[in-house]
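Undergrad: First, the structure itself, so that you have it in front of you.
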Amino acid sequence: MRFLLDTGQRDFADALRALLTAADTPAVIRDWSRGEQASGRALWGRVGAAGVFGLAVPEEYGGAGRRAVELAVAFVELGRFAVPGPLAETVAAAVLLDDGDGLAKRFLPGIASGGTLATVAFEQHGYGLALDGDAADVRLAAAPEGLLSSSGAGAVCRSLDPARRLAPLFPVGELLSAEPPWAEALTWARLATAAQALGVGLALLDGTVAYVKQRTQFGVPVGSFQAVRHRLADVKIALEFARPLVFGAAVTMTPPDVAAAKLSACAAAYAGARAALQLHGAIGYTAEYDLSLWVTKARALHGAWGAPEECRRVVLERR
């Protein structure tokens, strides 16, 4: 089967790409890393106004309905520009809070519009640490009794990716649901993470190809060297194999398919990060160079919402 995006989905991706190209995301990422949230929240609002977060919210609460393929399209672009913030976590929160009653009316319109940042601490996927717990408007935590809201977060912990600000949530909070849809929320968060990683990998490949065409050695571009071309071809192949897995998983939305997509996309992005770091030479190892914003993102997403061994276990359980 050949899976292609339709015209509307491609136009949606192009519109998001234009929006994010004009946003100067490297500056936004660095502000967010320092805890300066104004530019990040402004960008989040524009992304929300474009309808991205509404793709995980039913229509009756201001969303577009659960549209996994379009969500994957959007998150590829968010990853391509390394947009900071609790992106997958907000998607997971939208699923957890969709009770068709009081919680949905209370929280989902704000999530759909982009006015509400939400984060989730799954004990098995972060050990009580919530991404951007200090910045989020809604903080959710898994507990033995069910889904709790948290009134605040503790001190931010250091992370490999400075833009991923992890913080412990205060344990005292309101019990929102005794039986929230944990498995469904995890599946949606993993799909968002897989698509985001695919976008990060594509950006790393495009940036590295452009760089090796400009950098010269022995009077010729280093991109003409066979070893460099083979290295980039390997990354290209890995990303092209990951792409149909991501969109195929968005069609089926089964946990094994989504786990396989996340495993493949994150591995391809990580390979792209390693290649980019080496082929950029000494400049690639500097935090001041924008490449670092994508390299650290690729490594952080590799373990977010399920480490590789966990995703392999989910895939093998089906067999």
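Quick note: the coordinates plus some simple rules give every number you see, no bench work behind them. Computed from a predicted model, the values in this text were never measured in an experiment. Glycine also receives a Cβ, built like all others from the backbone with ideal geometry; neighbour counts cover every protein chain displayed.
Undergrad: Which residue, chosen from A112, W188, A210, occupies the Cα position most advanced towards the positive end of the dipole of the chain, where the dipole is computed from +1 (Lys, Arg) and -1 (Asp, Glu) charges on Cβ about the Cα centre?
TA: After comparing all options, I get A210.
Undergrad: Which of the peptides 310-316, 184-190, 215-221, 202-208 is most tightly packed, and how do the rest follow, going by the mean number of other Cβ atoms within 10 Å of each residue? Before the final figure, lay out the partial values.
TA: Working: 310-316: 16.6, 184-190: 24.3, 215-221: 10.6, 202-208: 21.6.
Peptide ranking by packing, descending: 184-190, 202-208, 310-316, 215-221.
Undergrad: Using amide H atoms built in the peptide plane, which far-off residues or other-chain residues are under 5 Å from A153 H to H?
TA: F170
Undergrad: Here's another thing I want to ask about it. Tabulate in residue order the Karplus-calculated ³J(HN,Hα) for region 294-310, using 6.51 cos²θ - 1.76 cosθ + 1.60 with θ = phi - 60°, rounded to whole Hz; enter x for Gly and Pro.
TA: For region 294-310, the Karplus curve yields 8, 4, 5, 5, 4, 5, 5, 5, 4, x, 6, 6, x, 5, x, 5, 5 Hz.
Undergrad: Please give the FRET efficiency for S177 paired with E59, using the beta carbon to beta carbon distance and R0 = 22 Å, rounded to the nearest 0.05. All intermediate terms of the calculation are to be shown ahead of the outcome.
TA: Numbers: r = 22 Å, r/R0 = 0.98.
Efficiency at R0 = 22 Å is approximately 0.55.
Undergrad: Between Rg and the Kirkwood Rh of the chain, both from Cα atoms, what is the Rg to Rh ratio? Provide the component values of the computation, followed by the final result.
TA: Details: Rg = 19.2 Å, Rh = 19.8 Å.
My calculation puts Rg/Rh at 0.97.
Undergrad: Right, next: Given points 7 Å out from each Cα along the Cα-Cβ axis, report the D11 to T254 separation in nanometres with one decimal.
TA: 3.4 nm
Undergrad: Continuing with the same structure: To the nearest 10 degrees, how steep is helix 102-113 against the longest Cα principal axis of the chain, on a 0 to 90 scale?
TA: The angle comes out near 30 degrees.
Undergrad: Where does each of E240, E288, E70 land when they are ranked from fewest to most other beta-carbon atoms within 10 angstrom? Each step should come with its number before you reach the end.
TA: Working: E240 11, E288 8, E70 21.
The most exposed by this proxy come first: E288, E240, E70.
Undergrad: Here's something else I'd like to know. Give the angle, between 0 and 90 degrees and rounded to the nearest 10, that separates the Cα long axis of helix 68-80 from the longest principal axis of the Cα atoms of the chain.
TA: With rounding to tens, the tilt is 50 degrees.
Undergrad: Still on this structure, please answer the following. Calculate for the chain the 222 nm mean residue ellipticity that helices alone would give, adding -39,500 (n - 2.57) per DSSP H run of length 4 or more and normalising by residue count, nearest 500 deg cm²/dmol.
TA: On the way: 11 runs with 180 residues, N = 319.
Mean residue ellipticity at 222 nm (helix-derived): -19000 deg cm²/dmol.
Undergrad: So what J values fall out for region 141-156 if you push phi through Karplus, 6.51 cos²θ - 1.76 cosθ + 1.60 with θ = phi - 60°, rounded to Hz, Gly and Pro as x?
TA: Residue by residue, region 141-156 yields 9, 7, 9, x, 7, x, 8, 10, 9, 10, 7, x, 10, x, 5, 5 Hz.
Undergrad: Provide the descending list of Cα extents for region 183-318 along its principal axes, expressed in whole angstroms.
TA: Principal extents (largest minus smallest coordinate, Cα): 55, 28, 21 Å.
Undergrad: A follow-up question, please. Between S151 and F218, what is 0.36 nm times their sequence separation minus the Cα-Cα distance? Round to one decimal in nm.
TA: On the way: separation 67, 0.36 × 67 = 24.12 nm, distance 6.04 nm.
My answer for the length gained is 18.1 nm.
Undergrad: For L166, what residues show an amide H to amide H distance below 5 Å, using hydrogens built from the backbone and excluding near sequence neighbours?
TA: Result for L166 returns D132, C157.
Undergrad: Where both residues lie in the chain, what percent of DSSP beta bridges are antiparallel, nearest 5?
TA: Values: 13 of 17 bridges.
Roughly 75 percent of the DSSP beta bridges within the chain come out antiparallel.
Undergrad: In which sequence would R66, R158 go, from the one with the fewest C-beta neighbours within 10 Å to the one with the most?
TA: R158, R66
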